[in-house]
Amino acid sequence: MEYEIRYFNDAVFDAIKDLPVTLAARYLVLARRMVAVGPDLGEPHTKAIGQGLLELRLKGAEGIARVFYCTQVGRRIVMLHCFVKKSDRTPSRALAVARVRMKELKNENP
């Protein structure tokens, strides 16, 4: 049985869709793999952040991007937040946005 990928909102979908070409291509490859085998692809593709939050790690000719996501009951993967990295560290604001969105999802579906 396959997994289903959903997006927290249209802005997340648009951010992923608007990634530079090689990053968007990498996202599509990894997303298809996640649909087939599940949300944990292992490093270097995915990494657990903690408390149910994970990150999809994209690397391409144009740079590096991250997509934060979580899982829900029923084999659903929800993409929460996407950004292109400009430094070695993940911005705390990006992480905070993902955590707030994950909390909202958990409150909607207890």
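The values are calculated or read from the model by the stated rules, or taken from the named source; none is laboratory data. What you see is a predicted model, and the numbers here were worked out from it, not measured in a lab. Here Cβ is always computed from backbone atoms with ideal geometry, including for glycine, and neighbour counts include all displayed protein chains. With ligands, DNA and RNA removed, areas are computed over all heavy atoms of the protein, side chains included. Shrake-Rupley method; radii C 1.70, N 1.55, O 1.52, S 1.80 Å.
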Legend entry - Residue identified as basic (Lys, Arg), within 21 Å of ASP40 (Cα to Cα) and open to solvent by 50 Å² or more (accessible area, probe 1.4 Å) among LYS103, LYS86: LYS103
Inset, instruction - Examine segment 38-50 for a residue that is small (Gly, Ala, Ser), open to solvent by 30 Å² or more (accessible area, probe 1.4 Å), in contact with an Asp or Glu (Cβ under 7 Å, 6 or more places away or on another chain) and free of Cβ contacts under 8 Å to residues at least 60 places away in the same chain, and state whether such a residue exists. - result: no
Inset, instruction - Give me the pairs, please: first residue somewhere in segment 4-31 and over 24 Å from GLY74 (Cβ atoms), second residue anywhere and hydrophobic (A, V, I, L, M, F, W, C), beta-carbon distance under 6 Å, and either six or more positions apart or on two chains. - result: ALA15/CYS82; LEU19/ALA65; THR22/ALA61; LEU23/LEU58; LEU23/ALA65; ARG26/LEU58
Inset, instruction - Taking the residues in segment 5-24 that are under 19 Å from GLU104 (Cα atoms) and touching a helix residue (DSSP H, G or I) at 6+ places or on another chain (Cβ under 8 Å) as candidates, determine which candidate is most open to solvent (accessible area, probe 1.4 Å). - result: TYR7
Legend entry - Residue that is in contact with a strand residue (DSSP E or B) (Cβ under 8 Å, 6 or more places away or on another chain), β-branched (Val, Ile, Thr) and more than 26 Å from MET1 (Cβ to Cβ), where the choices are VAL12, VAL84: VAL84
Inset, instruction - Tell me, please, whether a residue that is closer than 21 Å to ALA94 by Cα, in contact with an Asp or Glu (Cβ under 7 Å, 6 or more places away or on another chain) and open to solvent by less than 50 Å² (accessible area, probe 1.4 Å) can be found in segment 51-65. - result: no
